[in-house]
Amino acid sequence: MVKEIKVVKDLFNHQSFNHLKSYLHNNYQNFEYFEGFGRFEESSEQNPNIINYANEVLDQAKEIFNSDTLQFTYGLIVHYEGEQAKLHKHKDTNACTYTLDVCLYQNVQWPLIVEDQEFVLQENEAVAFYGEDQEHWRPDFPVPSWNRVGMLFLHFAEPDHWFFKKKL
C-alpha cells in the first residue's frame, strides 16, 4: 500500500501560529544545540506547551492520517542555521509513525524531500508523512551565512506502539 504524503495549509489558527513562531525566534538560543544537525532544539519533555499544540491539531492529524486512534508521542521545536545545518537521508526510529513537519519561518526556502518528492513549505504549512516508513531528508542548507529555518515536528503513533508500552 502506498502511503500518501500530504501538504497541509494553515495547520494552526493565526494566534497559535504567531505564538509558536515568536517563541522559537526569540528563545532558540536558550535551547540545546545539536552540532550533527546544526540546530537548536527543545523537546515536548522540556516544554509541555508543545504537547498543547499537538493536542490542538490532534483531530486534524487523525483525519490527515485516517486513524481515529493515533496519539501524540513527542515533538520538537527547532531552529537551523549556519554551515552545520543538515538533515541526512533516513527513516525515523523513535515513535514517528505519523509525522507533521510544520514550517514556522525561513529566510530562504529549504525543501524537505520525502520518498524522492520535494516539498517547499510556506509558513504554517506542514508536510504530513510516515516518518518510520518513508525516507526523508533535505538538500544542502541554502545560504548558510544568513539563512534561518524554524520548524515544529509533531509525531504520533498508534496506542499499541512500543513507545506507549515502554511507559507502563
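The values are calculated or read from the model by the stated rules, or taken from the named source; none is laboratory data. On a predicted model such as this, the values are computed, not experimentally measured, just so you know. Neighbour counts are summed over all protein chains in view; Cβ atoms, including those assigned to glycine, are modelled from backbone coordinates with ideal geometry. For the accessible areas, the whole protein counts, side chains as well, though only heavy atoms, and no ligand, DNA or RNA atoms are used. Shrake-Rupley method; radii C 1.70, N 1.55, O 1.52, S 1.80 Å.
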- Item | the range 29-73: number of residues that are among the basic types (Lys, Arg) and without any contact (Cβ under 8 Å) to a residue 40 or more places away in the chain | 1
- Task: Among what's in the range 104-128 and is of a type outside the set (A, V, I, L, M) and touching a strand residue (DSSP E or B) at 6+ places or on another chain (Cβ under 6 Å), pick the residue that is farthest from Ala54 (Cα to Cα).
- Result: Asn107
- Note on the structure: Counting only residues that are in a strand (DSSP E or B) and loosely packed, with under 14 Cβ neighbours inside 10 Å, the range 69-90 contains a total of 1
- Kindly indicate whether any position in the range 14-28 is more than 14 Å from the chain's Cα centre (by Cα), in contact (Cβ under 8 Å) with a residue 60 or more places away in the chain and over 23 Å from Phe119 (Cα atoms). yes
- Task: Considering only the range 20-53, state which residues are over 27 Å from Gln71 (Cα atoms), of a type in the set (Gly, Ala, Ser) and open to solvent by 30 Å² or more (accessible area, probe 1.4 Å).
- Result: Gly36
- Message: If Ala157 satisfies all but one of (1) within 16 Å of Cys103 (Cα to Cα); (2) touching a strand residue (DSSP E or B) at 6+ places or on another chain (Cβ under 6 Å); (3) crowded, with 21+ Cβ neighbours inside 10 Å, what's the number of the condition it fails?
- Response: (1)
- Message: Which pairs turn up if I take residues in the range 143-168 that are farther than 15 Å from Leu76 by Cβ and touching a residue at least 24 places away in the same chain (Cβ under 8 Å) and look for partners that are open to solvent by 60 Å² or more (accessible area, probe 1.4 Å) and β-branched (Val, Ile, Thr) with beta carbon separation below 7 Å, at least 6 apart in sequence or on another chain?
- Response: Glu158/Thr69; Pro159/Thr69
- Just need a number here: residues in the range 97-124 that are in contact with a Cys (Cβ under 7 Å, 6 or more places away or on another chain) and open to solvent by 20 Å² or more (accessible area, probe 1.4 Å). 2
- Message: Quick check on my filter: what residues within the range 10-64 are part of a loop (DSSP other than H, G, I, E, B) and of a type in the set (Val, Ile, Thr)?
- Response: Val57
- In this structure, does Phe17 turn out to be open to solvent by less than 50 Å² (accessible area, probe 1.4 Å), touching a helix residue (DSSP H, G or I) at 6+ places or on another chain (Cβ under 9 Å) and closer than 17 Å to Gly150 by Cα? no
- Task: Go through the range 91-168 and tell me which strands (runs of 3 or more DSSP E), entirely inside it, have 1 or more residues that are modelled with pLDDT under 95, basic (Lys, Arg) and over 17 Å from Arg39 (Cα atoms).
- Result: none
- Message: So Asn52 ticks every box in (1) of a type outside the set (Val, Ile, Thr); (2) closer than 15 Å to Leu11 by Cβ; (3) touching a helix residue (DSSP H, G or I) at 6+ places or on another chain (Cβ under 7 Å) but one. Which box is left unticked?
- Response: (3)
